[in-house]
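Okay, so here's the structure we're looking at.
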Amino acid sequence: MFKSVKDILKAHENLEKEVYLDLENSSPILPEVVEEMLPYFYMKAYGNPTLTHKQGWEAYEVIMSSAQTIAHYIGSSTPEEINFTNSEVEANNLALMGGILANQNKGKKIVVSNGEPITIDLLCQMLDKKGFKVVKVPVDSEGFVQKEELANKVDKETVLISIAAVNPEIGTIQPLKELVEIAKDKNPEVLFHTDASDAYGRIDFNVKNLNVDLATLSSYKIQGPKGVGVLYVREGVKIERLIEGPLGVQQLWPGVENTPGIVGFRKASEKCFENFTENVRLMKHLRDRLINGILESVKDTLLNGPYGDKRAPDNVNVSFLRCEGESLTIELSLRGVYVSSGSACTRRMLQPSHILTAIGRKHEEAHGSILMKISRKHTEEDIDYVLKQIPQAVERLRSISPV
């Protein structure tokens with residue numbers, strides 16, 4: 001029994017090896033990204049980008065060039081379509097609330113799937129209380145949006161649709177282009193938003209090819225700095241600003257821009273796409289090695305989400321029956337393997353993942369789930385170490401379980 005956090009940390013001393021797989025909830029910044037950011041804290045471009053002096057012009061130039069770089073990677077035609085925020089949570093809020101408020105004269109109906117990221121789910125709960133009509137489209141047992149249900153639920157009163165390109169917990173890659181076509185066929189004026197935080201840098205994602213109106217990106221999910229997100233807003237799409245204050249370069253999100261963080265996001269993006277095909281191939285290889293190794297070595301396990309190419313290359317989510325997820329994260333942590341039992345927000349509310357219950361998992365199956373994310377920096381030795389520790393951790397917990 002640990003009496004304090006210091007006791008817990010002390011128990012982690014002298015570990016044989018450490019493997020960090022909780023990239024869904026936070027991530028270490030790449031050394032190259034830190035090196036790129038450092039000068040912008042105190043040596044250059046530290047001015048306000050709206051002011052007409054050297055440091056202001058430098059800040060303006062680096063913000064716009066960073067926007068141009070990210071625009072290029074997602075197929076956007078202009079850096080003006082890139083809006084930097086302080087997180088993907090803020091970008092999602094700006095997309096949904098800003099889009100709805102700017103177009104509420106057309107209707108008050110919002111359509112989402114019942115397996116959306118927790119941020120979208122919580123936003124919809126709030127909007128429902130404020131008088132907007134939130135309609136949820138069911139997903140199937142692998143997390144795919146049911147297309148006929150989507151077509152049935154979109155009508156002329158629908159103002160906005162939000163469906164994540166990749167499910168953050170179970171890795172389902174939605175057939176987004178087809179879903180957009182279904183929605184626009186029913187209502188050509190509807191705004192289509194996608195949280196692409198788990199797609200950017202892991203799968204091919206092009207806003208023009210997909211014909212989405214709004215898309216959210218996250219810096220920390222590609223091992224850039226926390227505190228930076230992006231909302232892509234297609235040229236001509238109107239959304240309402242949510243906060244007021246002095247306007248900087250970003251017209252939809254007032255305040256002095258976080259220049260070092262934006263530079264870090266740009267550098268992390270460049271590293272992602274530097275050897276994109278090879279990076280994805282490696283992540284898929286390590287993902288499958290980890291999935292197959294767990295399912296073969298541990299009895300009574302369930303893979304959550306699809307197999308193969310329909311799954312994000314970095315995502316592994318497995319339910320361990322007769323095991324409680326939080327207990328397993330602690331047990332693995334003491335062995336130097338750092339994972340999560342789903343979204344940090346969900347865990348804080350001590351509820352089973354709404355995404356796992358949406359695909360039909362029972363509460364005890366959802367509570368026994370472990371989420372792991374692979375990066376291009378992981379190695380086969382890392383995965384082998386994890387595969388050595390997981391069976392031992394599960395066996396120990398099951399041996400003391402009353403079930």
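Only the coordinates and a few stated rules stand behind these numbers; no lab work does. As the structure is a prediction and not an experimental result, all values here were calculated from the model. Here Cβ is always computed from backbone atoms with ideal geometry, including for glycine, and neighbour counts include all displayed protein chains.
Some points to look at:
- Of G236, G75, G293, the one that fluctuates the most in a GNM where the chain has Cα springs shorter than 10 Å: G236
- Assigned charges on the beta-carbon of Lys, Arg, Asp, Glu; segment 31-273 dipole about Cα centre (debye): 460 debye
- Rounded tilt (10° steps) of 118-129 against the dominant C-alpha axis of the chain: 60 degrees
- Set of lysines near K226 by C-alpha distance (under 18 Å), chain-local residues within fewer than 8 positions excluded: K267, K271, K373
- DSSP beta bridges in segment 31-273 [antiparallel fraction, %, rounded to 5]: 40 percent
- Gap separating the Cα centres of segment 64-102 and segment 238-291, nearest whole Å: 10 Å
- Taking Lys and Arg as +1 and Asp and Glu as -1, the other residues whose beta-carbon sits under 10 Å from that of E157 total +4.
- Cβ crowding within 10 Å averaged over residues, with 93-105, 12-24 ranked highest first: 93-105, 12-24
- Working from label points 7 Å from Cα in the Cα-to-Cβ sense, the D155 to E364 distance is 4.2 nm.
- Cut-off 14 Å between beta-carbons: net charge of the residues surrounding N105, Lys and Arg +1, Asp and Glu -1: +2
- Compactness of segment 31-273, expressed as Rg and Dmax over alpha-carbon positions, Å: 17.9, 57
- With Cα atoms, 0 to 90° folded angle of helix 176-186 axis to the chain main axis: 50 degrees
- Annotation: peptides 220-227, 359-366, ranked by per-residue average of other Cβ atoms within 10 Å with the highest first, follow the order 220-227, 359-366.
- Full extension of the chain between N292 and S65 gives 77.5 nm of extra length, using 0.36 nm per residue less the Cα-Cα distance.
- Between S141 and N105, full extension at 0.36 nm per residue minus the direct alpha carbon distance yields a gain of 9.3 nm.
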